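Structure first, commentary second.
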Amino acid sequence: MELPVRNRLKAIGGKLLASKLLSIAFILLVLVVIAAVVSPNFLGAYNLQSVIRDLAFVMIITTGQSCLLLLGELDLSVGKMATLSGMLGGLMMLQLNFPPYLALLISLLFGVLFGVVNGVIITRLKLNAMIVTIATQGVYAGITLVISKGRAIVGIPDSIHWMGRGNVAGIPVPFIIAVILLGAILFLTQKTVFGRWMYAIGNNKEAARILGVNVNLVRTVVFAMMGGLSAVAGLLMITRLGNSQPSIGDIWVMNSIAASVIGGVALTGGIGNPFGAILGACILAVIQNMIVLFNVNTYWQTAVSGFVVLIAISFDSVGTIVAEMRARRKALAGSAKG
């Protein structure tokens, strides 16, 4: 009986995801229309550029976080990996006199290394990802404070400011980079064997292992990918600010989780895709911009993100429970007829 139930759940999950993506896109459109009607400044070129530029950093982190959620994992250290990577980049450029682009490359590799550390600890010691990344978040934050002494490293070379501040045909460069990375991750998850392995692991780790998937290797690679994406976001931020600060990634953790859940990525793994997560990120970006345009205290942004996460998780849980109940009823009815 279990196999028919699982098959029905998978089919229902696919239908729910398709309908949810349409619903999310519709909600995003409604929010944009409301914002444009209530505030004429919303559709102004300057404001849209600002929204898209801010969105780019959350997009990059959310792309990686959604991949981990597909595995049924979670990384709470993404902000601190981004911060530490950015701080190391600034340190190498300004205190060790590394060429800027070499410093960026080395810092990116450090980000991948931080992700590998997370993945190896979680997979080899069979520990809970949330607990481990809470701990490594503290480690990365502590290292950042030690090397920076709690102060920003100022004076990032002008030659790389274009990466964070530049525009191409009016489109911010960070957003272009975020879209390219999203396209690459979508191809990986939707069109490759590795992507099928990710979904298989998210649905059932033991079944995937029986089928010959190297579960721990795949999980570690995705954690490494998350570390690399975190580093990209952190390095782009220092090129935007012109300095490396000890707190640049603090808000990205909550937003990446909220965006992924809003976008239909199941917390239990195996359902969703990064594109839906990015739609969720867009919704958060519009809401947060509306808060600014309507002169609401910007400190409410964190409260709004937390509130949205709570609602999204609740709906996700209720939807899963309802789908399971319907699938089991149909399976029982089918077995009774047989």
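Using 12 Å as the cut-off for backbone N distance, which residues of segment 154-169 belong to the label zone defined by a point 7 Å from the Cα of Ser39 along Cα→Cβ?
Zone members listed by number: none at all.
For Ser247 and Ile287, FRET efficiency with R0 = 22 Å and r from the beta-carbon atoms, rounded to 0.05?
In this case the efficiency is close to 0.50.
Work out, in µm²/s and without decimals, the Stokes-Einstein translational diffusion coefficient of segment 29-71 at 25 °C, 0.890 mPa s, Rh from Kirkwood over C-alpha pairs. Don't skip to the end; give the middle numbers.
Working: Rh = 12.0 Å.
Result for D is 205 µm²/s.
Ile210 to Leu113: FRET efficiency via 1/(1 + (r/R0)^6), r the Cβ-Cβ distance, R0 30 Å, to the nearest 0.05?
The pair Ile210/Leu113 has a calculated efficiency of 0.45.
Please compute, over every Cα-Cα pair in segment 72-175, the percentage with a separation greater than 16 angstrom. Let's see the in-between values first.
Details: 3374 of 5356 pairs.
Counting pairs separated by more than 16 Å, the tail of P(r) holds 63 percent.
With the contact rule set at Cα under 8 Å and sequence spacing of 6 or more, what percent relative contact order holds for the chain?
On the way: 526 pairs, mean separation 109.7, N = 338.
Contact order relative to length: 32 percent.
Val139 versus Val120, label points 7 Å from Cα toward the beta carbon: distance in nm?
Placing both labels 7 Å along Cα→Cβ, they lie 1.0 nm apart.
Fewest to most neighbouring Cβ within 10 Å: what's the order for Trp162, Trp252, Trp197?
Ranked by crowding around the Cβ, least crowded first: Trp162, Trp197, Trp252.
Counting each pair of different Cα atoms once, what's the Kirkwood radius of segment 173-257 in Å, rounded to one decimal?
Working: mean 1/r = 0.0674 Å⁻¹.
The answer is 14.8 Å.
Taking the Cα centre of segment 2-337 as origin, sum charge times position over the Cβ atoms of Lys and Arg (+1) and Asp and Glu (-1), and report the length of that vector in debye to the nearest 20.
Numbers: 23 positive and 9 negative charges, 222 e Å.
Using only the charged Cβ atoms, the result is roughly 1060 debye.
Among Met130, Met198, Met290, Met81, what is the fewest-to-most ranking by other Cβ atoms within 10 Å?
Ordered from fewest to most neighbouring Cβ atoms within 10 Å, Met130, Met198, Met290, Met81 come out as Met130, Met290, Met198, Met81.
Scattering from the C-alpha atoms of segment 209-314 alone, worked out with Debye: what is log10 I(q)/I(0) at q = 0.15, 0.20 1/Å?
Values, matching the q order: -0.79, -1.19.
With no solvent and one equal point scatterer per Cα, compute the Debye intensity ratio I(q)/I(0) for segment 111-229 at 0.19, 0.22 Å⁻¹ and report its log10, rounded to two decimals.
Debye curve over Cα of segment 111-229, log10 I(q)/I(0) at q = 0.19, 0.22 Å⁻¹: -1.11, -1.22.
Quick check on the chain: helices-only [θ] at 222 nm, where DSSP H runs of length 4 and up contribute -39,500 (n - 2.57) each and the sum goes over total residues. Nearest 500, please.
Values: 13 runs with 261 residues, N = 338.
It comes out at -26500 deg cm²/dmol, rounded to the nearest 500.
So if R0 is 25 Å, what FRET efficiency would Leu48 and Leu186 give, r being the distance between their Cβ atoms, rounded to the nearest 0.05?
FRET efficiency, Leu48 to Leu186: 0.60.
Let me understand the chain better: what is its radius of gyration from the alpha carbons, and its Dmax, in angstrom?
20.9, 76
Could you give me D for segment 202-243, from Stokes-Einstein at 25 °C and 0.890 mPa s, where the hydrodynamic radius is the Kirkwood radius over C-alpha pairs? Units µm² s⁻¹, please.
Details: Rh = 12.3 Å.
Calculated translational D: 199 µm²/s.
No value in this document is a laboratory result; all are computed from the given coordinates. For clarity, every value in this text was computed on a predicted model and none was experimentally measured. Cβ: placed from backbone, ideal geometry, glycine included. Neighbour counts: every protein chain shown.
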